[in-house]
1. Between B:ALA103 and A:GLU92, with labels modelled 7 Å along Cα→Cβ, what's the label distance in nm to one decimal, could you check?
2. Peptide B:89-96: average number of partner chain Cβ atoms within 10 Å per residue?
3. Over the heavy atoms of A:ASP3, what accessible area does a 1.4 Å probe trace out, to the nearest 10 Å²?
4. If you count, for every residue in A:112-119, the Cβ atoms of partner chains within 10 Å of its Cβ, what is the mean?
5. What's the carbon and sulfur percent of the stretch B:2-109's accessible surface, probe 1.4 angstrom, rounded to a whole number?
6. Mind checking B:54-65 for the average number of partner chain beta-carbons within 10 Å of each residue's beta-carbon?
7. Could you tell me which of rounded, prolate or oblate describes the stretch B:2-109, using a ≥ b ≥ c as the square roots of the eigenvalues of the alpha-carbon gyration tensor, with rounded for a/c under 1.5 and, failing that, prolate when a/b is larger than b/c and oblate otherwise?
8. Quick query: amide H of B:VAL49 versus all other amide H atoms, modeled in the peptide plane; which residues come in under 5 Å with a sequence gap of 5 or more or a different chain?
Amino acid sequence: MADTLQLPATLDALGPIRAFVDAAASAAGLDHKASYRLRLAVDEIATNVITHGYEEAGLRGDLELQAWRNGETLTIILEDDAVPFDPTTLAEPDDLGTPLEERAVGGLGVFLTVHGVDEFRYERVARRNRNIFVMHRQGADDG
Amino acid sequence: MTVTDRVEQGVTIVAIEGELDGKSAPEAQQAIVPLVPADGKLLIDMHGVPYMSSAGLRMMLLLYRQAVAKGSVVALVGLSEEIEDTMSATGFLDFFTVVGSVASGIELLNA
């Protein structure tokens, strides 16, 4: 059994998406920081899908979220039918120590996602993008 | 998300209330850019911001550049632990002056 949420892919969806993830994290007993990092990760990827996958491509569609819980993990699955994009292929920003005057803007969202969750995966399934976020329920604040 | 501003002892204090995400951070940026003083002092009060995504980092980066271009100095106050973690992981914390209270921010910017 999974909890699900489906809503139009606009920036107005971000608040409800975070609320959905927050509820799933609470139900899974994640601590405050782990819950925050999971919210941030899903929000970052959803923002990219909405702005780059749908809006900039002139497309409209939905985002679909699922929350799966077992004894060890909480898994959030985010699916869309926007432009195919695998965030794990994005190079890590290499200017994190560069003064702000010279910093590039962008790439930080995926960086925060990858470093914020215990596991992040991407799959292309049935012409849909599937982003998978996994948090361990034991020792959820390990990293 | 709301933005309010006031001036105390020559320091422009801009207080943000609400979550900063891909929708609200550009709105906050639009509201704050006109408030950045020239040759002045800017204190951004984040006590009312419980959540900030990378869209907020982008906002901070652009505000910082705007302030530097106008010859002003910037400090931040009221960062939640999680927002401080985000800024630390991305190297932002090293480049911003962060203070513990509005009073100490005013003192520091006027020093």
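1. Taking the simple label geometry, B:ALA103 and A:GLU92 are separated by 4.2 nm.
2. Neighbouring Cβ atoms belonging to other protein chains average 5 per residue here.
3. 90 Å²
4. Mean partner-chain Cβ count within 10 Å for A:112-119: 2.
5. Result for the stretch B:2-109: 49 percent of the exposed heavy-atom area is carbon or sulfur.
6. 4
7. Since a/c stays below 1.5, the shape of the stretch B:2-109 is classed as rounded.
8. Correct list: B:GLY18.
The values are calculated or read from the model by the stated rules, or taken from the named source; none is laboratory data. Just so we're clear, the structure is a prediction, and the values are computed from it rather than from any experiment. Heads up, the Cβs are rebuilt from the backbone with ideal geometry, glycines too, and the neighbour counts pull from every protein chain shown. Accessible surface areas use protein heavy atoms only, side chains included; no ligands, DNA or RNA. Shrake-Rupley method; radii C 1.70, N 1.55, O 1.52, S 1.80 Å.
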